Each structure stands twice: as structure tokens, then as C-alpha cells.
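Just below is one structure, and these are the notes that go with it.
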């Protein structure tokens, strides 16, 4: 969370110069599923427990982060090793999801 501090020097009749301080909080309201939603229909890289990696176009996901990928391929050492087409990846196996 970022906080912005604004300080203004103002002249008020009968009082004189007054410092007015205001604080504004910038709260990141972006949630993980919101970020995932912005990645729909674009290529993502998925790493699973056990080290397996997949790349494909994110078609859909649910609240458990179960994913459906189109044009999916399995990667070994960063290179495509096998084309799979449409796959369903169970969310509890996912270590990370990265824009591809």
C-alpha cells in the first residue's frame, strides 16, 4: 500500500498561515483472479508441482484456478516437447502462471 502525503501552506484570515496536511492511501484492489481474468485469450506459461511446464492460450478458469488451455504444449528445458491441444490443469497442482 502506498501513501501520499499532501502538504499545503494556506493563509486564513484572522488566523494567519496554516499548514494543511492530507493523506491519501492507494490500495491495490486487484485480486489474483482479476489478474487471471485479464490474461484470458492470451498465451500463458504454467509451472506445476514436480517441475512440468505447459504453455497455451488461457481459455477459461474457475475459483479453484482450474485452467483450460487451448493449443497447449508441454515444455522441456523451455522448448516444446509435445503438442497436446486442449488441456485441463487442476488448480492445486499449479506453482505459478505467467503471461507467455
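Taken together, the values in this text are just the output of simple stated rules run on the coordinates, not laboratory data. These figures come from a predicted structure and were not determined experimentally. Because the Cβ atoms are built from the backbone with ideal geometry, glycine has one as well, and the counts that use them run over all protein chains shown.
Points worth noting:
- Förster-model FRET efficiency, 25 Å R0, residue 63 and residue 38, C-beta, rounded to 0.05: 0.95
- When Cα extents along the principal axes in Å is calculated for this entry, the matching label among [x] 32, 28, 21; [y] 52, 45, 23; [z] 79, 27, 22 is [z].
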